[in-house]
Amino acid sequence: FKDAGAPDEAELEEFYEKAKDTKFADPEKYSVSYTWIEFATEEEAVAARAKLEALRQEIVSSEKSLARLAKKQGVDAESKQMILLSRNELPEVVEQALEAKINAVTAVVEDEKKVYLAQVDKFKPFVVKAYEDVKAEVATDVQKIKVDQLIREDIEEIMTEARESDNGEEVFCAY
């Protein structure tokens with residue numbers, strides 16, 4: 001078996017540059033509190049909008065959290081508080097909250113069955129880990145890729161020799 005050799009600095013940097021935005025990055029994440037009221041009729045929708053709009057106004061004027069005030073007003077707050085979520089893990093109508101500033105509350109948002117209100121509690125921005133911080137991991141990954149490539153080459157060489165062999169002997173590969 002051939003020696004893969006240690007990767008050089010150029011190989012490491014090239015691998016890091018290609019993978020840094022995916023493998024060596026932490027995506028933006030949010031902690032969001034939100035609540036909703038379901039409705040079946042237009043009358044219920046109007047009442048739900050009014051209730052959440054009143055809650056919104058109280059949040060804005062008091063600068064208190066949605067989760068805390070929702071409970072006071074008898075609205076169940078489905079809170080994703082203290083949990084950092086990626087955008088794709090949030091309800092679609094809560095996306096609006098992500099454009100808001102931290103602690104800002106969204107406008108009342110409605111879909112065909114529910115009225116929503118949301119507030120961004122925390123935000124963690126997209127961060128790419130520095131090359132120096134992940135250099136050992138990069139070296140391990142590049143080394144594995146080199147070894148895998150050598151193994152594939154050796155297997156291909158053995159298979160080619162076996163196909164070209166006319167003596168009918170079986171070829172055993174112990175990888």
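Quick look at the numbers
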read-out: From V60, V32, residue being over 30 Å from V147 (Cβ atoms), open to solvent by 60 Å² or more (accessible area, probe 1.4 Å) and among the β-branched types (V, I, T); value: V60
read-out: Count of segment 13-44 residues which are out of contact with any Asp or Glu (no Cβ under 7 Å at 6 or more places or on another chain) and part of a helix (DSSP H, G or I); value: 9
read-out: Residue in segment 127-138 that is farthest from the chain's Cα centre (by Cα), counting only those that are of a type in the set (V, I, T) and open to solvent by less than 60 Å² (accessible area, probe 1.4 Å); value: V138
read-out: Conditions (1) under 30 Å from L52 (Cβ atoms); (2) at pLDDT below 65; (3) of a type in the set (A, V, I, L, M, F, W, C); (4) open to solvent by 30 Å² or more (accessible area, probe 1.4 Å); number of the one not met by A107; value: (2)
read-out: Scan of segment 111-126 for residues that are open to solvent by 20 Å² or more (accessible area, probe 1.4 Å), modelled with pLDDT under 85 and touching a strand residue (DSSP E or B) at 6+ places or on another chain (Cβ under 6 Å), ordered by number; value: D121, K122, F123, K124
read-out: Whichever residue in segment 113-139 is in contact (Cβ under 8 Å) with a residue 12 or more places away in the chain and of a type in the set (G, A, S) and, among such residues, is nearest to A6 (Cα to Cα); value: A139
read-out: Pairs, first more than 14 Å from A104 (Cβ to Cβ) in segment 60-72, second open to solvent by 100 Å² or more (accessible area, probe 1.4 Å) and not in a helix (DSSP H, G or I), C-beta under 8 Å, six or more apart; value: A70/D76
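The values are calculated or read from the model by the stated rules, or taken from the named source; none is laboratory data. What you are looking at is a predicted structure, and each value in this text was computed from that prediction instead of being measured. Counting neighbours? That spans all protein chains shown, and the Cβs are built from the backbone with ideal geometry, glycine included. Ligands, DNA and RNA are excluded from the accessible area calculation, which covers all protein heavy atoms including side chains. Shrake-Rupley method; radii C 1.70, N 1.55, O 1.52, S 1.80 Å.
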